[in-house]
1. Can you tell which of 190, 143 is free of Cβ contacts under 8 Å to residues at least 40 places away in the same chain, over 15 Å from the mean Cα position of the chain (by Cα), over 27 Å from residue 266 (Cα atoms) and not in a helix (DSSP H, G or I)?
2. One residue is enough: does the stretch 276-286 have a residue meeting the conditions within 25 Å of residue 143 (Cα to Cα), touching a helix residue (DSSP H, G or I) at 6+ places or on another chain (Cβ under 6 Å), away from the ligand (no atom under 13 Å from the Cβ) and not assigned by TED's automatic domain parsing to the domain that holds residue 54?
3. Taking residue 314 as meeting all but one of (1) away from the ligand (no atom under 16 Å from the Cβ); (2) within 21 Å of the chain's Cα centre (by Cα); (3) within 26 Å of residue 201 (Cβ to Cβ), write down the number of the exception.
4. Right, residue 86: modelled with pLDDT under 95, surrounded by fewer than 20 Cβ atoms within 10 Å (Cβ to Cβ) and within 16 Å of the ligand (Cβ to nearest atom) or not?
5. Out of the residues in the stretch 146-158 meeting the condition of being more than 16 Å from the ligand (Cβ to nearest atom) and touching a residue at least 60 places away in the same chain (Cβ under 8 Å), tell me which one is surrounded by the fewest Cβ atoms within 10 Å (Cβ to Cβ).
6. Would you mind stating whether residue 136 is within 16 Å of the ligand (Cβ to nearest atom) and surrounded by fewer than 22 Cβ atoms within 10 Å (Cβ to Cβ)?
7. Name, by its number, the condition in (1) away from the ligand (no atom under 16 Å from the Cβ); (2) assigned by TED's automatic domain parsing to the domain that holds residue 52; (3) surrounded by fewer than 21 Cβ atoms within 10 Å (Cβ to Cβ) that does not hold for residue 178.
8. Kindly check whether there is at least one residue in the stretch 238-245 that is touching a helix residue (DSSP H, G or I) at 6+ places or on another chain (Cβ under 9 Å) and within 16 Å of the ligand (Cβ to nearest atom).
Ligand SMILES: [Zn+2]
């Protein structure tokens, strides 16, 4: 800009009026083109989020001021996902990264350093949640915290507030908008929390087996009991012996429901249900949502839908 100003000063001092007008237009062309590139969206904050629920929080807090890219596509599992080249390119230009942390997406760690991008603001959901709220994964040898914090709407409020703070840091000029949006959305999370609590209080059975430890925080919040999990660590298929133990557990504890997940093959869950003598149902829940499915294209809808399915099974 300093150079541009100098050139304009020079022209004003030395050229006749007609030439001056032409020169000004020519000089301003790159500036005008720069502003209209991408439908005037240049100044939107570019935010990358590892999983869709966190991307949705970003969209709620940032509104029209942000462009959000979800790194894990619908149907994929964050635990084993790897970045594509196109996503690496988005990250090079991103201003902010929101990741879950707690080892859910180890590939997202240090991403800004690896892509060499300009982004500096990082928000980690697992660090936004007070440490005393975190739960260790059973069978992990004691060291690993359960990463599925976003599935408790009360913990989600902490995450939304951390995203708000990150956006205020990345784009201080719009801080008032981010604060207002976050406040409104946190209130909606509070309403969701109250609705789920009311529904869950009326369930006739509170016990279930889960595909993996997905519903740990959710179950704690609403007084449900995740009696056991099929895969203690995602991607680690249970042995025949472990399946037999789960069948015993289902029978001994009177479990009637196994919650499998859209992102994983329900085969093992079905085997356990079949081998258990009683009437055990397998229901598919969705912990990640899907921007292409109108029933779960926001966190709020995704949670409402999960609760509806839980109600059919546990109600
Ligand atoms: Zn998971």
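1. When all the criteria are applied, what remains is 143.
2. Start the filter on the stretch 276-286 by keeping residues that are within 25 Å of residue 143 (Cα to Cα), which leaves none.
No; the residues of the stretch 276-286 include none that is within 25 Å of residue 143 (Cα to Cα), touching a helix residue (DSSP H, G or I) at 6+ places or on another chain (Cβ under 6 Å), away from the ligand (no atom under 13 Å from the Cβ) and not assigned by TED's automatic domain parsing to the domain that holds residue 54.
3. Result: residue 314 fails condition (2) only.
4. Details: modelled with pLDDT under 95: yes; surrounded by fewer than 20 Cβ atoms within 10 Å (Cβ to Cβ): yes; within 16 Å of the ligand (Cβ to nearest atom): no.
When the stated conditions are applied, residue 86 does not pass them.
5. Step one: list which residues in the stretch 146-158 are more than 16 Å from the ligand (Cβ to nearest atom), which gives 153-154, 157-158.
Retained after the next criterion (residues that are touching a residue at least 60 places away in the same chain (Cβ under 8 Å)): 153-154.
Working: 153: 26, 154: 16.
Of everything passing the filter in the stretch 146-158, 154 is surrounded by the fewest Cβ atoms within 10 Å (Cβ to Cβ).
6. When the stated conditions are applied, residue 136 passes them.
7. (3)
8. Of all residues in the stretch 238-245, those touching a helix residue (DSSP H, G or I) at 6+ places or on another chain (Cβ under 9 Å) come to 238, 243-244.
Those still in the list that are within 16 Å of the ligand (Cβ to nearest atom) too: 238.
Yes, the stretch 238-245 contains a residue that is touching a helix residue (DSSP H, G or I) at 6+ places or on another chain (Cβ under 9 Å) and within 16 Å of the ligand (Cβ to nearest atom).
The values are calculated or read from the model by the stated rules, or taken from the named source; none is laboratory data. Since the model is a prediction, treat every value here as computed from it, not as a measurement. All Cβ positions, even for glycine, are placed from backbone atoms using ideal geometry, and neighbour counts span all protein chains on display.
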